[in-house]
Structures are given as C-alpha cells and as structure tokens.
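Q: Following this message is one structure expressed as structure tokens.
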Amino acid sequence: MILPGKRRGKDDPSGKFYLIMGHMSDSPTLSFSDIRRQFPILDKQIHGKPLVYFDNSATTQKPNSVLEAITEYYTKYNANIHRGVHQLAEESTDIWEKSRQTVASFFRAHPEELIVTRNTTEALNLLARGWGESQVKPGEVILVGLSEHHSNFVPWQKLADRQQAKFMTLPIASEGLLDLPAIFALLKEHKNQLRVISIQQASNTLGSLMDISAVSQMLKDLKIRDQVLLSVDAAQSAAHQPINFKTWDVDAVSFSGHKMYGPMGIGGLLVKSKRLAEFEPVLYGGGMISTVLPEETTYAEDVQDRFTAGTPDVASLYGLAAACDFLKEIGWPAILAHEEELTQYALDQLKKLPEITIVGPQNMRDEAGKQQRIGAISFLYQQVHAHDVAQILDRHGVAVRSGQHCTMPLHVSQGWLATTRASFGVYNTKSEVDTLISALKDVKRVFGRQVKN
Amino acid sequence: MDDLYQDFILDHYKNPRNFGHLDGEKVSSEMTNLSCGDGIKVDVKLDDQGIITDVAWQGEGCAISMAAASVVSEWAVGQPLKAVKEMPIDEIVAKLGLEQISHSRMKCAYLFVHAIQKIEATDKGRSSS
C-alpha cells in the first residue's frame, strides 16, 4: 500500500506493514509460513491441543498488520474526522479518506460508491430501507434465494410486508447451485412486476457459488435489467472470490470486514451511482446533513457523507484497509489456488467416511471445469446430531460450527435438522484437515461404543 | 474436564426412558429449538393435586437434549408439575452426572423442562403447543 503524496517514513503505516511482512519491496512474494505466522491466535491451545480453526465462515482471524493498524490509529491518529481544523483531526480524516479509497479499490469500486456500515446485515437493511422504501411499490415482486442467510432474507421479507409487495424465493438445484432454467421461467412469469433480486454470491452453508452474472444476463434478455435492483450478499465471498464492481453488472454488493481478515464492526455497501441517486438516508443526525434549522433540514451534498450518520469507526476501517492490503499482498492467484487445493483435499477425505454426507457441491469444479464452490463444507453425520459432532471435534481442538447457520429456510426445505460446517481461511493446512478427519473418526468411536445399561 | 459423553448420558440417549406417547386423558406440549435443530413433544398425566402420574415424550435432537429429557422424565413421575417447571439448570446438569455444562449446551439440557413449562395444570384434557 503506497499512500499517494506521502513519503514512506518510519511512522508511515504502509512502511511498517512491509517491515512486518519481512520485505521492503512493492510486491513481495509471501510464503505460506509467512502468512500463517501473521496470526498469533493460531498458536493457541484448545483443551491442550493445537487450535484448528475451521470456522472462518463465521469469522476470520486477524493478521498482525490489522491488529497493529487499530492500535496505531488510537495511539497516533485518533481524533474525530471532518470536524476539526487541528492537526490531529486532519490526520485522522486523512486516514479515513485513504482507508475508504483502499477498501473501495479492493473491490474495483469508486469511493463514492462505498457506504461504510457495521457489517453485511446492516448494509442489506440499509439497502432494503434506504432504497426499497421509496422505490418498491405495492404488487411488485421481490425475489431472494431459498438458501439465503437470514440477513439477506428477512429485510426483504419485511420490506415486502411494508410495501405490500410480493416476496418469493428462487429455486435452487441439487448441490445448492442456482436452478437457472427454473429461475428464467420465474423471471419471465413476473417480468412486469419484478423489482428486486437479492442473492448471495456464495452460500455460507453449502459453499456453492451462485452464477449471478447469468441472472443479470437473463434480466437483460427480458429487457427488464433497469427496472430490477440486483443486490449481491458478498459476506461469504469477499475473501474468496475477486469482485470487480466496475465491470460486474449488479447494482449493490454488501460485505463484512470481519469475514475478510478485518475487524468486527465494519463492513460496507457498494452501490452503483445511478442507484445511489434513488436512495433516501435511513440514519439521521450529525455528519449527514447540510443545514439544520427548526423549519427544515437538508442532507449533505456529498454522497459519501449523506449515508454516514454520527462518528464512524475509523480505527476499524483502517484495520479493514490493512486487511485489504494483506489480501492484495498474497494475491488472488495464490488465494484461489490454496483454497482450491485445500478444499478439494478436504472433500476427498470426507467422502471416504461412510457416515458423512456432504451437502452442497461435491467437488470444487463442475464437469465443465468451472469453479462451483468455496471452502465452506457442511455435512450430515449419520445418526449423530451436529452439536454432538461439533462438541467432540472441539475436544480435539477443532473449531467448527453446528446448527442451521442462519439458513433456516434452506434447512427446513431440505429436511435437515442441523448440519456441521468446516470453513477454511488463508492460513489453514492439509495437516489440519487430517486432524479434522481423525477427530470425526472419534465421533464414531464415542457414539458407536457399547454402553452399560 | 467432564466427559460429556460418558456412558450414563449415552445410555439415556440411545435408550431413552419414557420415549413415546400417552393414550387417554393427558396434557401435551411441544417445544422446538429450530435454530439448533432440537424438538420435543411431551405428554403428561396429572392427578387432581397436580402431581405427574405418567409422562412420555418424543423428539429429535442432540445427545444432551435427549438424555436430559430421559433423565428428567424418569424423576418427574410422582413430582408436582410445578416442581418440574421450576427445576433449575444445575439440577438438570447434576442429574446428567455432570459438574457443569457449557453455555451453548444449556438450551439443549433445558429443552424438556422448557416444554413442561408450557403446560398448565388447569389444561387437563387439552393440548397446549
């Protein structure tokens, strides 16, 4: 990260970042062990065993550069932004602006297209209320995927209630991918009333990648692309798939910092400019106004200000910018290659256990060689409840998630009481997958043994 | 650390006591914890003093929820309905033969009692869900 117009001195965060990474060049090559060493929490022991952190879909761990960015902000740059003439306020505002630029450009978006939020849930709520309440009319149709996370399901369901619109779900095919022919038929049937489609880029339960570009193309073929808000929930995918907001024909993308090696409490909503023009602010107060008088209040002219009310979490945004730089350092080719190799290995090992049924795509790539999933693998364990599986895995230091992963519509539609999910990050290894497998064999031993009556 | 899956608990999980349903005059209630994936239906017979004379339950869930239902239902026969409703979590945990249970498993252990809490003694002969 090179801050334009700044020399790389010892107090310059980007310079320090490069020192931490052990290189002083602009594009260093990182070894895997370099990457893993950046995460101090991975040295933690769980019940006397090394931590095997396979819950990255829930939240990711943070590298040193992110932790240090946050501390550095509070020790060197902390002041309220936009509101002061003094030097510290100037520096803090600079950090805020530059971090916005870094985060927006990570997604190939313009800073004016980025609304900083707390997380994906807040972004989607903001989209549903800020855009939906003035744009969606009675009788219009809102479509979401059946496998959506509750945060991309409930806001739209409630918007439909409020606006007297129709709320419907998109059919998914086996393995959790979009059923494109069925979806096209649905879009055609409702083409005159269709107003919103909101889909996850990757399912947090199934790991399946949704072909959103195909849906975008369908809308164009039906000549209704402009009338429909096409929203993407990128919570799961932001750290696993490169997003080019400039060339991707969608209207809005929501993401969470904490799922992409950044801190909790920060995220964003990317909105194409023409859609932003249709937005109404949802949160009112300081920072988003132009004039405030008893008779009337007007909103800030600057789009970036209009949708940020109150003091934002500058430190966390700075941390998120450091996370973006961390990912840029590794580079997408390395991230994708590592994830593919690790996930396919895990799928292959899991398939050898007869008690286990993987839900979602069984392989990284489909028959045509196209990538169809990310490294989030959920499975059923024959005759053992997901909670019990997770509990026994925990005894071995392996952290997974069990339950419905905030995807109750999906679980109920498929008749799954609960599933267990292992999800990978940039620091996970094949050896850790081997630990998972042997821990899963322990589940069989515990539940399969004869008990005294 | 307690072995959560000791023989006693696994036995109650694999051979749950009072598993099934009751015929005749009874009160029933259901409790589901869909976000975890646990669900239970309880049938209870009460005498005029509100004492449980018979109990049966059916459900699907984790080992802790099912074992706790089995263990507590065994104890519940002969107890006033009120006593079962007011049963504190640490008593349930103790009945399971454990010293403690993690925060995340408390709801599992509590499922049966939670279902019982939905039953009113005055509901005799009617079902309450």
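The values are calculated or read from the model by the stated rules, or taken from the named source; none is laboratory data. Keep in mind that what you see is a predicted model, and the values were worked out from it rather than measured. Cβ atoms come from the backbone with ideal geometry, glycine included; neighbour counts cover every protein chain shown.
Q: Could you check the stretch A:437-453 and list, in sequence order, the residues that are more than 14 Å from chain B (Cβ to nearest Cβ), of a type outside the set (Ser, Thr, Tyr) and surrounded by fewer than 22 Cβ atoms within 10 Å (Cβ to Cβ)?
A: Once the filter is applied, which keeps residues that are more than 14 Å from chain B (Cβ to nearest Cβ), of a type outside the set (Ser, Thr, Tyr) and surrounded by fewer than 22 Cβ atoms within 10 Å (Cβ to Cβ), the stretch A:437-453 yields A:437, A:441.
Q: Okay, next question. Quickly run through the stretch A:403-424 and pick out the residues that are closer than 17 Å to residue A:58 by Cα, more than 8 Å from every other protein chain (Cβ to nearest Cβ) and of a type in the set (S, T, N, Q).
A: A:407, A:419, A:420, A:423
Q: Pull up the stretch B:1-20, narrow it to residues that are in contact with a helix residue (DSSP H, G or I) (Cβ under 9 Å, 6 or more places away or on another chain) and more than 14 Å from every other protein chain (Cβ to nearest Cβ), then point me to the one that is surrounded by the most Cβ atoms within 10 Å (Cβ to Cβ).
A: Only one residue tops the list, namely B:18.
Q: Is it the case that residue A:309 is surrounded by fewer than 23 Cβ atoms within 10 Å (Cβ to Cβ), within 16 Å of residue A:118 (Cβ to Cβ) and not basic (Lys, Arg)?
A: When the stated conditions are applied, residue A:309 passes them.
Q: Another question about this same structure. Looking only at helices (runs of 4 or more DSSP H) that fall completely inside the stretch B:21-115, which ones have 2 or more residues that are closer than 28 Å to residue B:5 by Cβ, more than 13 Å from every other protein chain (Cβ to nearest Cβ) and aliphatic (A, V, I, L, M)? Before you say what the answer is, go through the steps one by one.
A: On the way: elements: B:63-76, B:81-85, B:89-95.
The qualifying helices (runs of 4 or more DSSP H) are B:63-76, B:89-95.
Q: Can residue A:89 be described as more than 30 Å from residue A:194 (Cα to Cα), touching a residue at least 40 places away in the same chain (Cβ under 8 Å) and crowded, with 16+ Cβ neighbours inside 10 Å? First the steps, then the outcome.
A: Details: more than 30 Å from residue A:194 (Cα to Cα): yes; touching a residue at least 40 places away in the same chain (Cβ under 8 Å): no; crowded, with 16+ Cβ neighbours inside 10 Å: yes.
When the stated conditions are applied, residue A:89 does not pass them.
Q: Kindly indicate the residue of the stretch A:156-186 that is among the polar types (S, T, N, Q) and out of contact with any helix residue (DSSP H, G or I) (no Cβ under 9 Å at 6 or more places or on another chain) and also nearest to residue A:197 (Cα to Cα) among those meeting that condition.
A: Result: A:157.
Q: Could you check, for the stretch A:326-344, whether at least one of its residues is surrounded by 24 or more Cβ atoms within 10 Å (Cβ to Cβ), more than 15 Å from residue A:54 (Cβ to Cβ) and either touching a residue at least 60 places away in the same chain (Cβ under 8 Å) or not assigned by TED's automatic domain parsing to the domain that holds residue A:238 (or both)?
A: Yes, the stretch A:326-344 has at least one match.
Q: Specify the residue that is nearest to the other protein chains (Cβ to nearest Cβ); the eligible residues are those in the stretch A:368-402 that are under 20 Å from the mean Cα position of the chain (by Cα) and of a type in the set (Ser, Thr, Tyr).
A: Going through the qualifying residues, I end up with A:402.
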